[in-house]
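These notes are about the structure you will find just below.
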2 protein chains.
Amino acid sequence: MRQNMLAVTAATLFLTACNATPGGDSNAMSTALFPTTSQQSGKPKNIIMIVSDGMGPAYTTAYRNFRDDPATPQVDPVIFDRIFVGNASTYPAKESGFVTDSAASATALASGVKSYNGAIGVDVNKQPVESVLQRAKALGMKTGIAVTSQIVHATPASYMAHNESRKNYNEIADSFYDDKINGQFTANVMLGGGTQYFERKERDVTAQFIDAGYAYVDTYNKLATLPAGENVLGLFAPVGLPWVLDDKRKNRLAYLTEHAIKHLENDNGFFLLVEASQVDWAGHANDIAAAMAEMHDLNLTLEYLYQYVQKHPDTLVVLTADHSTGGLTVGARGEYAWAPEWLKKLSASPAVIASELPQADDPVAFASQQLGFELNDEEAQQVASLARLKSTRAIESGIKSILDIRSNTGWTTGGHTGVDVEVFAFGKGHNAFYGQYDNTDIAKKIFALLPDSVKQVETESEPTGESVPTDTCDFEKDWRCQ
Amino acid sequence: MRQNMLAVTAATLFLTACNATPGGDSNAMSTALFPTTSQQSGKPKNIIMIVSDGMGPAYTTAYRNFRDDPATPQVDPVIFDRIFVGNASTYPAKESGFVTDSAASATALASGVKSYNGAIGVDVNKQPVESVLQRAKALGMKTGIAVTSQIVHATPASYMAHNESRKNYNEIADSFYDDKINGQFTANVMLGGGTQYFERKERDVTAQFIDAGYAYVDTYNKLATLPAGENVLGLFAPVGLPWVLDDKRKNRLAYLTEHAIKHLENDNGFFLLVEASQVDWAGHANDIAAAMAEMHDLNLTLEYLYQYVQKHPDTLVVLTADHSTGGLTVGARGEYAWAPEWLKKLSASPAVIASELPQADDPVAFASQQLGFELNDEEAQQVASLARLKSTRAIESGIKSILDIRSNTGWTTGGHTGVDVEVFAFGKGHNAFYGQYDNTDIAKKIFALLPDSVKQVETESEPTGESVPTDTCDFEKDWRCQ
């Protein structure tokens, strides 16, 4: 059943060679990442689209402050400041009002089509719409996704699949295997979480991918051992990855991105979707410490890509958010202040601190050690009370409230808000992203930057594992359900 | 005592003629407002700087939604969408933390120097720093301010004056008269509110300006009767102007701007500061209806200026905010919705509705009529209770809470927040404003766009009214205090 690995039989360079000179100039506008007009002819060979889920404008400002060295006279710029280019509106199709969910917005970013909240790669009539990733695959490029959520979550799913509801995680996992583009799987590389959706009682999609020749890994270390150029399914957690505050890899998104690129690089170019999925989850949880840590993992990813594009100036990187989450505000309660210094020394996420607090011999000492600062009397009393609660959720809320008060952070919702989001871009073709536009325009700009026609594509053996409707398959009898 | 009016004895055109072709193309990037590189040589003749106080990114998104026609399939773009160019950080000098007040940010925007919260045109050592308006005057351009606050409020004051504290309104009013640049008053045109700071018991600055040859008006209609080219002091309210919801002129900022320009136009060019002052006041009050109405007045101003620049393509218009106010979020309370339709039919501001509610024969009917929609049972009960309260402030909070719940608006503070703000620009030289930078860079860019050297300036008679320290002047004996 094991298939041959990809055999490249003909790979012709389609794209105009880029004349940009790599350089380390700290003035972003003068580096190779922002080439002059004469250097920008042609289209990028590789496109890396990054969605930072939930990252409204308050998150990027907060992160700059979070990173600031108090000893310097100015607030120090971060990489976001070097690569900002524009602003995008995020509203969904009119039937869903002015505030989008991640499915409608990812469908807009991926396909250029507005849809209803919950839609995965389908329009308001539930008809499939092609994504830029799918078009890239059809044009002979390699494709991949690297995310910190389960890989079937709304954002990656909208680039990979078509489903009337984001909730149909199992169907979406199946479609990653069942849907073919020119006889090939939609993605060459899929990295993130989600084993519970792939290895199910009635169907083991992971096994099917292995049978079809994909390398499968379930730890970061195993991912590191793979030779370059493999087709890879990497699932590192049952659902989403741990908070980066709790993960042993504090650069997990940067790491997944680097390894995705290692496997995607080829003469025909690649399209990679990267998602900083858990900025949004921190926003939903109103957890400013987790939010800043997830932003830092994204920052490390951008710093890696910035170096990558200096060495590969024929690559375009675009970053935006799908919406803002939590109604985060930098300052609250009438005070003209925001104090990120209390968010820098956590040893674990508030969720994990909360789960462990009731077992601590000395809850106040434990909380103080985990949060990284000495609790004042009021906070110590609060923590002592929290430790007696049965609800971990209530304990977590109490811990987060200490951080909100310390940092003077504001929130207005556990859901999303409708504010426009920032757009960042660097590398070949980034100039197309300056200004104000709608999130659908981001897909349209990327479609326009993809090759005009099909390249001489890699020869990839048709996988034999065919689509098997789950209702006709008894997994107990056939563990691969085939 | 009455002085001669300005007599222009020599006015030489300093600036390169602009070759841009006016046009009505709806594609902003292709119109004369966004000229191609070859059309951009030279510097603008006139510069109009607009500060929309408190207008963080949530305000512009909210306003687009507020203006949207529900009958159209997309959310309709507004003028902000056509003129967006960049993003600016707003933090004050480090001693004031990460969240600025309007004085520090206006000083940054006006002079390019970071200062402490409260500083009016002075640095952290309380030393005066030159503003772009002051430089423009020194270079022989006409200068003006048109605002909806009192004209001595933080933003206009930071362009006009130098004072260690924004609270010293009387001193700032005095300095408008006392400070001279090349023997001339700082501004040729001053329009806004603030009679109580100018016509005081111990000094009548208004009378001094009249004696110095300035036309003085205190109503919009009187302003309209003045012939073009006058030096004008127009003070239309004791402190700030009424909310636009309560003003008889629903385009008051656009009107003041148009009239300011009428008096400033001259062969040497002009610098005009416009402030939509009360977007911030609505944010402080957590009043979403007033916020949208103030944004609409700003929108009308921009639409007027957009037409003006088509006819005068040698003019640059730059708009930004000094910070965001109120922690406004478009959506709140876990609901993925924002409903601006409830904010469109108010007959008066919530403040005025609240002040009149207790006198109404039928408070529920009155509130319903004033708000422009029928109250549901819960709201009707709430209004009936509010009408019995003695505190107008409490009644106003109740009215605003009805609007917040109806529209699903969120707020986190009665103060400011630290989020970066958007920058908008059109006309000659607008290209300098693309990208991400600090608010001090806006002043630096404008300094660079001002003429390189002194023009042959208008001859303006030296006013005889000299600075008189208030402690040596007895207004009871000398009504002009001279």
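Here B:ALA136 meets the list (1) surrounded by 24 or more Cβ atoms within 10 Å (Cβ to Cβ); (2) touching a helix residue (DSSP H, G or I) at 6+ places or on another chain (Cβ under 8 Å) almost entirely, failing just condition (2). Within the option set A:LYS201, A:LYS126, A:LYS137, being under 25 Å from A:LEU223 (Cα atoms) and either of a type in the set (D, E, K, R) or not assigned by TED's automatic domain parsing to the domain that holds A:ALA237 (or both) holds for one residue only, A:LYS137. Just a yes or no: is a residue in segment B:264-277 more than 13 Å from the chain's Cα centre (by Cα) and in a helix (DSSP H, G or I)? Yes - at least one qualifying residue is present in segment B:264-277. When residues in segment A:429-445 are screened for being surrounded by fewer than 20 Cβ atoms within 10 Å (Cβ to Cβ) and assigned to a loop (DSSP other than H, G, I, E, B), 1 of them pass. Taking segment A:91-207 and the helices (runs of 4 or more DSSP H) fully enclosed by it, the elements with 3 or more residues that are of a type in the set (S, T, N, Q) and within 30 Å of B:ARG67 (Cα to Cα) are at A:102-111.
State whether the residues of segment A:291-300 include one that is in the same structural domain as A:PRO92 (by TED's automatic domain parsing) and assigned to a loop (DSSP other than H, G, I, E, B). No, segment A:291-300 contains no residue that is in the same structural domain as A:PRO92 (by TED's automatic domain parsing) and assigned to a loop (DSSP other than H, G, I, E, B).
Scanning segment A:371-381 for residues being surrounded by 19 or more Cβ atoms within 10 Å (Cβ to Cβ) and more than 16 Å from A:SER407 (Cβ to Cβ) gives a total of 0. Annotation note: Cβ proximity below 8 Å between a residue of segment B:231-258 that is within 21 Å of B:LEU272 (Cα to Cα) and a residue that is at pLDDT below 95 and surrounded by fewer than 24 Cβ atoms within 10 Å (Cβ to Cβ) (sequence gap 6+ or interchain) occurs for B:ASN231/B:MET5; B:ASN231/B:LEU6.
Here B:VAL419 fulfils each of the conditions (1) assigned by TED's automatic domain parsing to the domain that holds B:ASP322; (2) within 19 Å of A:THR413 (Cα to Cα); (3) touching an Asp or Glu at 6+ places or on another chain (Cβ under 9 Å) apart from (3). Among the residues that make up segment B:145-166, is at least one of them in the same structural domain as B:PHE270 (by TED's automatic domain parsing), among the basic types (Lys, Arg) and either within 21 Å of B:PHE447 (Cα to Cα) or over 17 Å from the mean Cα position of the chain (by Cα) (or both)? The answer is no; no qualifying residue exists. With respect to the conditions (1) surrounded by fewer than 24 Cβ atoms within 10 Å (Cβ to Cβ); (2) in contact with a His (Cβ under 7 Å, 6 or more places away or on another chain), A:ASN168 lacks only one, and its number is (2).
Inclusion of B:LYS45 among residues that are surrounded by fewer than 24 Cβ atoms within 10 Å (Cβ to Cβ) and away from every other protein chain (no Cβ under 14 Å) is not warranted. Taken over segment B:61-88, the criterion of being within 27 Å of B:HIS153 (Cα to Cα) and either within 7 Å of chain A (Cβ to nearest Cβ) or free of Cβ contacts under 8 Å to residues at least 40 places away in the same chain (or both) is satisfied by B:THR61, B:PHE84, B:ASN87. The numbered conditions (1) surrounded by fewer than 21 Cβ atoms within 10 Å (Cβ to Cβ); (2) modelled with pLDDT under 95 are all true for A:ASP69 except (2). A:THR413 meets each of the listed conditions (1) of a type in the set (Ser, Thr, Tyr); (2) buried (at least 19 other Cβ atoms within 10 Å of the Cβ); (3) at pLDDT below 95 apart from (3).
The values are calculated or read from the model by the stated rules, or taken from the named source; none is laboratory data. Nothing here was measured: the structure is a model prediction, and the numbers come from that model. Please note: Cβ atoms are built from the backbone with ideal geometry, for glycine as well, and neighbour counts cover all protein chains shown.
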